[in-house]
């Protein structure tokens, strides 16, 4: 994926058939929707773009598209994100993911869910990560303004790292990419608060570790959405990753902030 031209992916996201879909940036909100016999689709698209011109033109963009399909007691989710900083022929930052998720009986207190994901991040040295697994999800509390749920399961993960994000002093004499193939325990907590009619806050914490292993990978995510109308809004997010034992000697903690325009259909 690192060879995919930046503008091509951006154009693909902008060219999605948005009339057929609507929102799922906060995908858990769909759990409160009634079961429907006729398929219901929805899409959210968020984008942030900066252009800076001095000696060169610098493009910095984050784009996210989320698709949800509901039919009867089935819920299908597809989420994709691409972030890049483009400097002439060079990709200073090239990162993204595509995620698939399926839930059955999504309004039940307990519900099974399966998922697949592919991601990459050239700045940190993540060439690719492919994973798939299944969770049992527990809806702990659901109210008019508050939702709280958790999930626990197993997943298979394959990831390859190089030394692009490592300080030069820590790079070994003959650096070669490292590939890991692991079975991991996957768990998460999610809290959603509808602060007002026009805003909501979502907090996710993902925890992944090998069975019997005490060094986890923890990924918190915070997102605040503000509606400015029926089809447009603003989104502010924070994403972090803390890895107790990183595959290559990079910083244990990595984070990013994002501010985006949110388009809903």
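Data table
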read-out	value
Spread of Cα-to-Cα distances over 5 Å intervals beginning at zero, given as percent, for segment 121-175	5, 14, 14, 12, 10, 11, 11, 10, 7, 4, 2, 0
Burial ordering of 101, 252, fewest other beta-carbon atoms within 10 Å first	252, 101
Least to most buried among 79, 260 (fewest other Cβ within 10 Å first)	79, 260
Rg to Rh, two decimals, where segment 218-265 supplies the alpha carbon set and Rh follows Kirkwood	1.21
Full-extension gain in nm, residue 152 to residue 239, via 0.36 nm per residue minus C-alpha separation	29.3 nm
Segment residue 182-residue 37, length gained on full extension (0.36 nm per residue, minus Cα span)	48.3 nm
Order of 144, 121, 200 under a 10 Å beta carbon neighbour criterion, fewest first	144, 200, 121
FRET efficiency, residue 118 to residue 218 (Cβ-Cβ, R0 22 Å, nearest 0.05)	0.55
R0 of 22 Å, Cβ-Cβ distance residue 263-residue 193: FRET efficiency to nearest 0.05	0.45
Estimated FRET transfer efficiency when R0 is 45 angstrom, pair residue 98-residue 173 (beta carbons, to 0.05)	0.80
Relative contact order (%) - segment 95-211, alpha-carbon pairs under 8 angstrom, separation at least six	20
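Each value in this text was obtained by applying a stated rule to the coordinates, not by laboratory testing. Remember, it's a predicted structure, so these values are computed and weren't measured experimentally. In this analysis, Cβ positions are derived from the backbone assuming ideal geometry, glycine residues included, and neighbour counts consider all displayed protein chains.
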